[in-house]
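The values are calculated or read from the model by the stated rules, or taken from the named source; none is laboratory data. Keep in mind that what you see is a predicted model, and the values were worked out from it rather than measured. As a convention, Cβ positions derive from the backbone with ideal geometry for all residues, glycine included, and neighbour counts pool all protein chains shown. The accessibility values were calculated without ligands, DNA or RNA, using every heavy atom of the protein model including side chains. Shrake-Rupley method; radii C 1.70, N 1.55, O 1.52, S 1.80 Å.
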Amino acid sequence: MADLDATDPASHELEEGIQLASGTRLEQFARAGSGDAFCFVGEGGEERPVVYVSFDGQAGPIAVGLPELVRLCLVAPWWRDAPGRTAEELQTVADVYRGDLPDLDRRRDLAARALGIDPAELPSETTALARLVELSRGPVAEACLVVGYEGHPLDPLFDADHL
């Protein structure tokens with residue numbers, strides 16, 4: 001369903017210099033097939049904010065807690081194609097994805113059940129994307145600001161005004 005591999009997170013490390021502006025710990029726990037990183041923010045368990053760091057120099061919060069991340073990946077597995085797109089463009093992205101996987105809903109429901117999630121309790125694609133917008137603004141975004149070499153902020157994953 002989604003491109004999230006947590007089978008061997010120790011085999012990959014963030015690029016040197018990638019860190020949070022606040023100095024708070026950034027802990028990589030999974031990779032996308034592209035090599036992009038999924039990271040927890042701070043100390044604790046799976047309830048921590050999750051930041052996505054791409055090799056393209058973009059980063060930002062995408063969930064608060066592992067359960068929210070899993071739900072995002074189940075309902076909108078194409079979420080990484082959302083940055084900078086209008087609502088109409090997002091619908092096109094979703095339609096293309098569904099065209100490639102016409103049984104997406106069935107697969108989503110099977111995966112959800114396998115993870116102990118009632119498919120009826122999953123958010124809609126619209127709700128999941130609205131949550132990305134919410135996370136890209138305000139205190140969560142400020143706490144999850146990722147910087148690279150020389151302390152320059154990476155580009156935000158989502159332009160909250162366009163999503």
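Structural remarks
- Checking 9, 83 one by one, the residue that is open to solvent by less than 70 Å² (accessible area, probe 1.4 Å), more than 19 Å from residue 136 (Cα to Cα) and at pLDDT below 85 is 9 and no other.
- Test: residue in the stretch 13-36 that is open to solvent by less than 10 Å² (accessible area, probe 1.4 Å), of a type outside the set (Ser, Thr, Tyr) and within 20 Å of residue 153 (Cα to Cα): yes
- Of the candidates 102, 153, 139, the single residue that is open to solvent by 60 Å² or more (accessible area, probe 1.4 Å) and in contact with a strand residue (DSSP E or B) (Cβ under 8 Å, 6 or more places away or on another chain) is 153.
- Among all residues of the stretch 119-135, there is at least one that is among the aliphatic types (A, V, I, L, M), at pLDDT 95 or above and in a helix (DSSP H, G or I).
- Cβ separations smaller than 6 Å between residues 6+ apart or across chains give the following pairs from the stretch 22-49 residues that are at positive phi to residues that are of a type in the set (D, E, K, R) and surrounded by fewer than 17 Cβ atoms within 10 Å (Cβ to Cβ): 42/25.
- Of all residues in the stretch 3-46, those being part of a loop (DSSP other than H, G, I, E, B) and out of contact with any Ser or Thr (no Cβ under 6 Å at 6 or more places or on another chain) number 25.
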